[in-house]
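*Asks:* Have a look at this one.
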Amino acid sequence: MSILRVILGDQLSFDISALAGLDPRCDIVLMMEVMEETTYVRHHKQKIVLVLSAMRHFAAELRQRGVPVDYVLLDASDNTGNLTTEVQRAVVRHAPDGLVVSEPGEWRVQAMVEGWAALTGKPVEIRTDNRFFASRARFATWTHGRRTWRMEHFYREMRREHAILMEGKQPAGGEWNFDSENRKRLPASSVPPVRLRFVPDETTREVMALVEQRFSGHFGGLEEFGWPVSRADALHALDDFIAHVLPNFGDYQDAMKAGAPFLYHSLLGAALNLGLLCPDEVCRVAEAAWRSGAAPLNAVEGFVRQILGWREYVRGVYWALMPDYEKRNALQATRKLPAFYWTGDTPMHCLREAIGNTARYAYSHHIQRLMVTGNFALLAGIVPQEIERWYLAVYADAYEWVEMPNTLGMAVFADGGQMASKPYAASGAYIDRMSDFCSGCAFDVKQKTGPNACPFNYLYWAFLIRQKDRLANNPRLAMPYRTLAGWPPQRQAAILAEADTFLDQLE
Ligand code: FAD
Ligand code: DLZ
């Protein structure tokens, strides 16, 4: 009995379900570099390098372990450019008795995989992706009968179920969530830690040359490429984060600083999403750091919540609501994505910083994604699907299952509140409070209107005025709507006109 075991580009874990029970005497692993996956969005060049280099490293390690691997290179003259046609060709080459694959990360790829049995004439076993705390079925059990879904409730259940940061039946430290301690502004004098980055090895350099040649028009630069591309690199990155960075992760989780793209964030998302790290091991080493006294609870709980809570929750939302989810536009936004999202050419310092980091590093941290580029897209009324494709294209860690709910649900409220209880809308005051961006900006954050006023200020109020019918009843927005109620109609009309003038000139 010979089985063709298909490993997709973001399934690079030696313990993944598709490899369970592998018999190297008769089974073969199939890995395919294909144009369709490298171009279904115009991925940042660093993302393509990362995925292809990590795939090549993984295949080499499998071979070292004695596993036969059929690896289709992007440049192979007979490469047909598509996962399905490559699977069909591999079935002809190897005549296996059947195929095994782990659940793909994206709905689009799942639909492809479901067609393989009919196309190849071979049985295809699709195994549960065992790299998550909660399977798709587990999330469905959680949503069953619930009117509203909230991450916090799901997260507590996951903490109990997986016994992470628990003292018996109680949460460690007596609280489930230490977020209120995690909103500190970075002191002006503080120097963020130097981060571990990985110098490209020969394999990565070969892929870089390929990407410069084949994807030269894609967004972003390769000069700063420093991502872990193997399990060994990823474990090194994890150790370094836990030892030197995690202790401050909580305090400065929401802070932003010009010229400091990484601050105290882990930079582990790219490795996690490729399968080079397993979320369970990451949460357990973070917990061990707290138990040994190496990191405080607010940092460790905050970090664990991102992985055991948010990461699992958004995956659940994605699989529960696709394919309809991708079409959501609850606020009926209609504007096109401004060109500066691709160039960074804007006088607004915060946006220039976030987009500049994105182009240079294929990275910007969560608050830059949510409260700068996301907040602007929300307030400006950018079509959700345009901003969603942007986020999918520009980050090294971007995969639709995690990016789409974060964008449609969290950043631009396109799902009308399925994911978040209120839109993350904020004026310039928030950005000023959490960063040093405003001091180096062409606009004045203290001015609410007028040509020098920070556009976030009038866009914020214009957004609330425009969305009054949809949002005024949201209890979490009661305060700003009370303020607006005190404004005479002329003042509201003037704000709307100022916002329109600004937005129209973007087009
Ligand atoms: P850290 O800040 O160090 O957090 C630790 C880990 O927690 C991350 O590596 C990640 O695995 C997980 N995590 C944190 N926040 C979230 C979240 N909201 N959802 C899911 N997991 C989370 N994350 C992605 O992995 N891929 C994406 O494509 C992606 N797109 C996003 C788009 C928008 C509009 C927003 C607001 C957020 C997005 N996120 C995405 C979530 C988050 O911004 C990134 O996971 C994080 O910035 C990655 O950097 P890090 O590894 O340094 O994370
Ligand atoms: C993202 C990506 C890229 C850039 N290239 C490949 C590839 O050549 N071959 C492959 O198997 N997978 C690739 N991937 C990852 C797939 O797009 C991934 O399986 C889906 O995004 C589902 O999560």
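*Asks:* Taking R131 as meeting all but one of (1) farther than 29 Å from H236 by Cβ; (2) open to solvent by 30 Å² or more (accessible area, probe 1.4 Å); (3) under 23 Å from the mean Cα position of the chain (by Cα); (4) not aromatic (F, W, Y), write down the number of the exception.
*Replies:* Checking R131 against (1) farther than 29 Å from H236 by Cβ; (2) open to solvent by 30 Å² or more (accessible area, probe 1.4 Å); (3) under 23 Å from the mean Cα position of the chain (by Cα); (4) not aromatic (F, W, Y), the one that fails is (1).
*Asks:* Can you tell me which residue in segment 194-228 is surrounded by the fewest Cβ atoms within 10 Å (Cβ to Cβ), limited to those that are over 19 Å from L74 (Cβ atoms) and among the small types (G, A, S)?
*Replies:* G221
*Asks:* Just name the residue that is nearest to R42 (Cα to Cα) out of those in segment 183-222 that are hydroxyl-bearing (S, T, Y) and in contact with a helix residue (DSSP H, G or I) (Cβ under 8 Å, 6 or more places away or on another chain).
*Replies:* T204
*Asks:* Take the residues of segment 157-177 that are in a helix (DSSP H, G or I) and touching a helix residue (DSSP H, G or I) at 6+ places or on another chain (Cβ under 9 Å): which is surrounded by the most Cβ atoms within 10 Å (Cβ to Cβ)? Spell out how you get there, then give the answer.
*Replies:* Initially, segment 157-177 is screened for residues in a helix (DSSP H, G or I), giving 157-162, 172-174.
Those still in the list that are touching a helix residue (DSSP H, G or I) at 6+ places or on another chain (Cβ under 9 Å) too: 157-159, 161-162, 172-173.
Working: E157: 13, M158: 23, R159: 21, E161: 13, H162: 18, A172: 18, G173: 15.
Going through the qualifying residues, I end up with M158.
*Asks:* Identify, from the list T143, T128, the residue that is modelled with pLDDT of 95 or more and within 21 Å of D415 (Cβ to Cβ).
*Replies:* Numbers: T128 fails: within 21 Å of D415 (Cβ to Cβ).
Only one candidate passes the filter, namely T143.
*Asks:* Determine the pairs where a residue that is assigned by TED's automatic domain parsing to the domain that holds Q492 and modelled with pLDDT of 95 or more, located within segment 443-459, has a partner that is among the β-branched types (V, I, T) and part of a loop (DSSP other than H, G, I, E, B) with Cβ atoms under 6 Å apart, the partner being 6 or more residues away or on another chain.
*Replies:* Qualifying pairs under 6 Å: C454/V445; Y458/T449.
*Asks:* State the number of residues belonging to segment 14-60 that are in contact with a helix residue (DSSP H, G or I) (Cβ under 8 Å, 6 or more places away or on another chain) and of a type in the set (S, T, Y).
*Replies:* Number satisfying all stated conditions: 3.
Residue by residue, here is whether (1) more than 16 Å from ligand 1 (Cβ to nearest atom); (2) crowded, with 17+ Cβ neighbours inside 10 Å; (3) more than 21 Å from A234 (Cα to Cα); (4) without any contact (Cβ under 8 Å) to a residue 12 or more places away in the chain holds:
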{"position": "D27", "(1), (2), (3), (4)": "yes, yes, yes, no"}
{"position": "V34", "(1), (2), (3), (4)": "yes, yes, yes, no"}
{"position": "S53", "(1), (2), (3), (4)": "yes, yes, no, no"}
{"position": "L62", "(1), (2), (3), (4)": "yes, yes, no, no"}
{"position": "P68", "(1), (2), (3), (4)": "yes, no, yes, no"}
{"position": "P96", "(1), (2), (3), (4)": "yes, yes, yes, no"}
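*Asks:* Considering V245, V285, V191, V211, which residue is modelled with pLDDT of 95 or more, β-branched (V, I, T), more than 11 Å from ligand 1 (Cβ to nearest atom) and farther than 25 Å from E161 by Cβ? Steps first, please.
*Replies:* Values: V245 fails: more than 11 Å from ligand 1 (Cβ to nearest atom); V285 fails: farther than 25 Å from E161 by Cβ; V191 fails: modelled with pLDDT of 95 or more.
Every option except V211 fails the conditions.
*Asks:* Checking A398 against (1) outside any loop (DSSP other than H, G, I, E, B); (2) open to solvent by less than 10 Å² (accessible area, probe 1.4 Å): exactly one of these is not met. Which one?
*Replies:* (1)
*Asks:* Which one of the conditions (1) part of a helix (DSSP H, G or I); (2) more than 16 Å from ligand 2 (Cβ to nearest atom) does Y252 fail to meet, given that it meets all the rest?
*Replies:* (1)
*Asks:* Please go through segment 229-243 and pick out each residue that is assigned to a loop (DSSP other than H, G, I, E, B) and open to solvent by 60 Å² or more (accessible area, probe 1.4 Å). I'd like the intermediate steps shown before the answer.
*Replies:* Here is the first cut: in segment 229-243, the residues assigned to a loop (DSSP other than H, G, I, E, B) are 229-230.
Across segment 229-243, there are no qualifying residues.
*Asks:* One residue is enough: does segment 413-423 have a residue meeting the conditions within 30 Å of R315 (Cβ to Cβ), in a loop (DSSP other than H, G, I, E, B), of a type in the set (S, T, Y) and open to solvent by less than 60 Å² (accessible area, probe 1.4 Å)? Give the steps one after another, and end with the answer.
*Replies:* Of segment 413-423, the ones within 30 Å of R315 (Cβ to Cβ) are 413-423.
If we keep only those that are in a loop (DSSP other than H, G, I, E, B) as well, we get 413-423.
With of a type in the set (S, T, Y) added as a condition, the list becomes 421.
After this cut, where a residue has to be open to solvent by less than 60 Å² (accessible area, probe 1.4 Å) as well, the list is 421.
Taking every residue of segment 413-423 in turn, at least one turns out to be within 30 Å of R315 (Cβ to Cβ), in a loop (DSSP other than H, G, I, E, B), of a type in the set (S, T, Y) and open to solvent by less than 60 Å² (accessible area, probe 1.4 Å).
*Asks:* Something else now. Step by step: first the residues of segment 339-394, then only those that are β-branched (V, I, T) and more than 13 Å from the chain's Cα centre (by Cα), then the one that is nearest to ligand 2 (Cβ to nearest atom). Which residue is that? Before the answer, list the steps.
*Replies:* First pass over segment 339-394, keeping only residues β-branched (V, I, T): 343, 346, 355, 358, 367, 372-373, 382-383, 387, 394.
Within this subset, residues satisfying the condition of being more than 13 Å from the chain's Cα centre (by Cα) are 343, 346, 355, 372-373, 382-383, 387.
Numbers: T343: 23, T346: 28, I355: 21, V372: 25, T373: 21, I382: 23, V383: 22, I387: 19 Å.
So, considering only residues that are β-branched (V, I, T) and more than 13 Å from the chain's Cα centre (by Cα), the one nearest to ligand 2 (Cβ to nearest atom) is I387.
*Asks:* Right, here's the next one. Within segment 268-282, take every residue that is in a helix (DSSP H, G or I), farther than 16 Å from V245 by Cβ and not aliphatic (A, V, I, L, M) and give me the one that is nearest to the chain's Cα centre (by Cα).
*Replies:* By that ranking, first place goes to N273.
*Asks:* Could you grab the pairs with beta carbons closer than 9 Å, sequence gap of 6+ or different chains, first residue in segment 240-258 and closer than 15 Å to L297 by Cβ, second one within 12 Å of ligand 1 (Cβ to nearest atom) and at pLDDT below 95?
*Replies:* F249/N182; G250/N182; D251/N182; Q253/N182
*Asks:* Next question. Restricting the search to segment 441-487, which residues are surrounded by 14 or more Cβ atoms within 10 Å (Cβ to Cβ), among the aliphatic types (A, V, I, L, M) and part of a loop (DSSP other than H, G, I, E, B)?
*Replies:* V445, A472
*Asks:* Is one or more of the residues making up segment 338-346 more than 30 Å from R160 (Cβ to Cβ), modelled with pLDDT of 95 or more, touching an Asp or Glu at 6+ places or on another chain (Cβ under 8 Å) and assigned to a loop (DSSP other than H, G, I, E, B)? Explain how you work it out, then say what you get.
*Replies:* Taking segment 338-346 first, the residues more than 30 Å from R160 (Cβ to Cβ) are 338-346.
Still in the list and also modelled with pLDDT of 95 or more: 338-346.
Okay, now just the ones that are also touching an Asp or Glu at 6+ places or on another chain (Cβ under 8 Å), so 338-339.
Now drop any that are not assigned to a loop (DSSP other than H, G, I, E, B), which leaves 338-339.
Yes: segment 338-346 contains one or more residues that are more than 30 Å from R160 (Cβ to Cβ), modelled with pLDDT of 95 or more, touching an Asp or Glu at 6+ places or on another chain (Cβ under 8 Å) and assigned to a loop (DSSP other than H, G, I, E, B).
The values are calculated or read from the model by the stated rules, or taken from the named source; none is laboratory data. Computed from a prediction, not measured in an experiment: that's the story for all the values here. Don't worry about glycine lacking a Cβ; one is built from the backbone with ideal geometry, like all the others, and counts go over all protein chains shown. With ligands, DNA and RNA removed, areas are computed over all heavy atoms of the protein, side chains included. Shrake-Rupley method; radii C 1.70, N 1.55, O 1.52, S 1.80 Å.
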